[in-house]
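So the structure is just underneath, and the comments pick up after that.
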Amino acid sequence: MQVRIVEECLRVRCCAAEKSLYRTSFERRSQALAFIDRAINDAQQNAHVS
């Protein structure tokens, strides 16, 4: 999941003319939000460990 959303972000950034890796923009948005949520949670957990 996480690799796919990163690849999609890079696709949009450099060559948006290529076909999306997601069927709908809602699916892409949902995966992006899940990725950000995971990144924030991981950062918070790592901050408490240090």
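For the reader, a short list of remarks on this structure follows.
- Taking the inverse of the mean reciprocal distance over all distinct Cα pairs, the Kirkwood hydrodynamic radius of the chain comes to 12.0 Å.
- Per-residue extension of 0.36 nm, minus the Cα-Cα distance of Ile36 and Val12, leaves a gain of 6.9 nm for this segment.
- Against the chain, whose longest principal axis comes from its Cα atoms, helix 2-15 is set at around 50 degrees.
- Rounded to the nearest 10 degrees, the angle from helix 25-49 to the longest Cα principal axis of the chain is 20 degrees.
- Counting 0.36 nm for each residue step from Tyr22 to Asn46 and taking away their Cα separation leaves a gain of 5.6 nm.
- CD proxy at 222 nm, helix term only [per DSSP H run n ≥ 4: -39500 (n - 2.57); per residue of the chain; nearest 500]: -26500 deg cm²/dmol
- Sorting 2-8, 36-42 by average packing, meaning the other beta carbons within 10 Å per residue, from highest down gives 2-8, 36-42.
Read-outs: derived from the displayed coordinates by stated rules, not from any lab. All values derive from a computational prediction rather than experimental measurement. When we count neighbours, we look across all protein chains shown, and the Cβ atoms used for this are built from the backbone with ideal geometry, even at glycine.
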